[in-house]
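Here's the structure, in structure tokens; my notes come after.
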Amino acid sequence: MNRRNILVLGLSAVIATALSQAGLSQSDLLIGTWKLNLEKSTFTPGPPPKSQTLNFQRAGQDLQNTAETIDAQGQATKIVFMHIYDGKPHPTTGNPLFDATTYTRVDDHHVKWVRSKADKPVQTGTNEISADGKTFTVSTVGVGPNGQPISSVGVYEKQ
């Protein structure tokens, strides 16, 4: 190969890499640690948790989200969500209210989901990541402990 061909191939590789980075999906933007901003979040009926941290990491081509929470009474919980964007339910562990979550990608910054218990939907919601990739918002409606209706908007900040 001559120098010109090598230069063209090299530039092509650089451009292809830049373009793939410009089109990052929500999956890529979520990788890392997110902390709940209690001042920007709402929990009905409440009370809100004392703290919550989400840790997203790759699990093959999918994502695993480990949510570690300290509730209002000081109890620690850990829920593991498998983010597989195929519109099918996948196991979720660590919460007695639901045992599976179904994720459907809307676009690179929005996902709809359904949490179910024994194949029955109990909560629905959306995930949205901001255009700058610094804020992750999770909106939830459904049934909470003792069957009461719940509604929450959790706002998380990238760490």
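Determine how many Å³ per residue the convex hull of the Cα atoms of region 33-107 encloses.
Hull volume over Cα atoms, normalised by residue count, gives 121 Å³.
Where does the charge balance sit around Val141 when Lys and Arg score +1, Asp and Glu -1, over other residues with C-beta under 13 Å from its C-beta?
Here the charged neighbours net out to +2.
What pairs from Lys35/Lys78; Lys117/Lys158; Lys88/Lys158; Lys40/Lys134; Lys112/Lys134 go past 22 Å between their alpha carbons?
Lys117/Lys158; Lys88/Lys158
So for region 70-159, Kirkwood radius off the Cα pairs, Stokes-Einstein at 4 °C and 1.567 mPa s: how many µm² s⁻¹?
Value of D from the Cα-based Kirkwood radius: 93 µm²/s.
At a 10 angstrom cut-off on C-beta neighbours, averaged per residue, how do the peptides 39-47, 126-134 rank from highest to lowest?
Ranked by mean Cβ neighbours within 10 Å, highest first: 126-134, 39-47.
Read the figures in this text as sums done on the coordinates, not as results from a lab. The structure displayed is predicted, hence computed values, not measured ones. Note: ideal-geometry Cβ built from the backbone for every residue, glycine included; neighbour counts use all protein chains shown.
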